[in-house]
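Everything on this sheet refers to the single structure shown next.
The values are calculated or read from the model by the stated rules, or taken from the named source; none is laboratory data. Keep in mind that what you see is a predicted model, and the values were worked out from it rather than measured. Neighbour counts are summed over all protein chains in view; Cβ atoms, including those assigned to glycine, are modelled from backbone coordinates with ideal geometry. To get the accessible areas, we keep the full protein, side chains included, count just its heavy atoms, and leave off ligands, DNA and RNA. Shrake-Rupley method; radii C 1.70, N 1.55, O 1.52, S 1.80 Å.
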Amino acid sequence: MEHKKKYFERRLKTDTGELIIEGPLSSEELDQYTFHEQLTAFRPPKKQFEAIKGIADLPEGRIIIARFEESIVGYVTYLHPDPLERWSEGKMENLIELGAIEVIPGFRGYRVGSHLLEISMLDEYMENYIVISTEYYWHWDLKGTGLSIWQYRKVMEKMMGAGGLKPAPTDDPEIISHPANCLMVRIGKNIGGSDIEKFDRLRFLTKHQYKQRGF
């Protein structure tokens with residue numbers, strides 16, 4: 001599968017100044033900017049910046065950023081699922097995962113996350129993918145936002161909806177370990193029935209494994 005990428009840009013006004021939402025960007029393009037020190041949700045900032053630059057140069061990898069002047073203040077990543085996750089077991093080239101999305105506290109309240117997702121879906125080639133996002137409440141910034149788990153879940157669903165992702169059932173053990181966790185899915189318009197069936201098997205892999213063992 002050829003992973004084609006088309007660049008898009010949007011300007012967003014805030015009380016602090018104008019944000020530029022743009023991408024997908026290569027690692028060389030990302031190196032022109034600094035990575036804000038408050039982007040700490042997943043790793044220390046320096047390590048996370050190296051990680052997203054690595055993703056940017058993967059054949060399927062996509063990095064969309066929000067930047068204030070020359071500083072990256074938000075981003076979203078897309079790449080194939082981790083080989084250790086169930087979602088990689090089907091070896092589906094057209095299955096990609098929204099791996100991370102983050103915005104610094106100073107720019108929350110401007111729908112930056114929603115804009116990142118909207119920009120990422122402007123590329124028509126995204127219609128050739130099944131896009132998933134695994135949402136776990138322990139990754140959510142409940143303390144920083146002051147929201148309850150269910151309030152945060154509602155905000156998260158609305159933001160993901162801006163990119164066309166919707167909650168979908170699964171029997172993945174980590175997701176069903178807490179009722180607030182969920183699988184979000186967007187199935188591109190060009191995805192055929194056989195690939196949807198493969199994906200459905202991945203969603204309910206535990207059930208299929210039990211059937212194969214005769215339980």
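For (1) of a type in the set (A, V, I, L, M, F, W, C); (2) within 21 Å of Glu118 (Cα to Cα), each residue gets a yes or a no:
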position: Phe49; (1), (2): yes, no
position: Leu58; (1), (2): yes, no
position: Arg62; (1), (2): no, yes
position: Arg67; (1), (2): no, yes
position: Glu70; (1), (2): no, no
position: Val73; (1), (2): yes, yes
position: Thr77; (1), (2): no, yes
position: Asp82; (1), (2): no, no
position: Gly90; (1), (2): no, no
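Filtering the stretch 51-69 to residues that are acidic (Asp, Glu) and either closer than 11 Å to Tyr33 by Cβ or touching a Ser or Thr at 6+ places or on another chain (Cβ under 6 Å) (or both) leaves Asp57, Glu69.
Taking the criterion of being farther than 17 Å from Lys6 by Cβ, of a type in the set (A, V, I, L, M) and in a strand (DSSP E or B), the residues of the stretch 50-83 that qualify are Ala66, Ile72, Val73, Leu79. When Arg186, Arg153 are checked against the criterion of being in contact with a Gly (Cβ under 8 Å, 6 or more places away or on another chain) and either assigned to a loop (DSSP other than H, G, I, E, B) or under 24 Å from Ile64 (Cα atoms) (or both), a single residue qualifies: Arg186.
Total residues in the stretch 66-85 satisfying the condition of being within 19 Å of Arg203 (Cα to Cα), surrounded by fewer than 18 Cβ atoms within 10 Å (Cβ to Cβ) and not hydrophobic (A, V, I, L, M, F, W, C): the figure is 3. Any residue in the stretch 89-112 that is surrounded by fewer than 16 Cβ atoms within 10 Å (Cβ to Cβ), part of a loop (DSSP other than H, G, I, E, B) and among the aromatic types (Phe, Trp, Tyr)? Checked against the condition, which is being surrounded by fewer than 16 Cβ atoms within 10 Å (Cβ to Cβ), part of a loop (DSSP other than H, G, I, E, B) and among the aromatic types (Phe, Trp, Tyr), the stretch 89-112 yields no hits at all.
Counting the residues of the stretch 16-49 that are part of a helix (DSSP H, G or I) and surrounded by 14 or more Cβ atoms within 10 Å (Cβ to Cβ) gives 6. The residues listed here are Leu79, Leu39, Leu25; of these, the one that is aliphatic (A, V, I, L, M) and within 29 Å of Glu197 (Cβ to Cβ) is Leu79. When the stretch 31-47 is filtered for residues that are over 18 Å from His115 (Cβ atoms) and more than 15 Å from the chain's Cα centre (by Cα), the ones remaining, listed by number, are Asp31, Gln32, Thr34, Phe35, Glu37, Gln38, Thr40, Arg43, Pro44, Pro45, Lys46, Lys47. Just one residue in the set Lys211, Lys166, Lys207, Lys198 is modelled with pLDDT of 95 or more, more than 15 Å from the chain's Cα centre (by Cα), closer than 23 Å to Gly90 by Cβ and open to solvent by 40 Å² or more (accessible area, probe 1.4 Å); that residue is Lys198. Scanning the stretch 161-177 turns up one or more residues that are of a type in the set (A, V, I, L, M), touching an Asp or Glu at 6+ places or on another chain (Cβ under 9 Å) and part of a helix (DSSP H, G or I). Look at the stretch 81-96: where a residue is of a type in the set (D, E, K, R) and a partner is open to solvent by 80 Å² or more (accessible area, probe 1.4 Å), sitting 6+ places away or on another chain with Cβ atoms under 6 Å, you get Glu93/Met1.
Of the residues making up the stretch 125-151, those that are more than 19 Å from Lys166 (Cα to Cα) and either touching a Pro at 6+ places or on another chain (Cβ under 9 Å) or among the acidic types (Asp, Glu) (or both) are Asp141, Gly144, Thr145.
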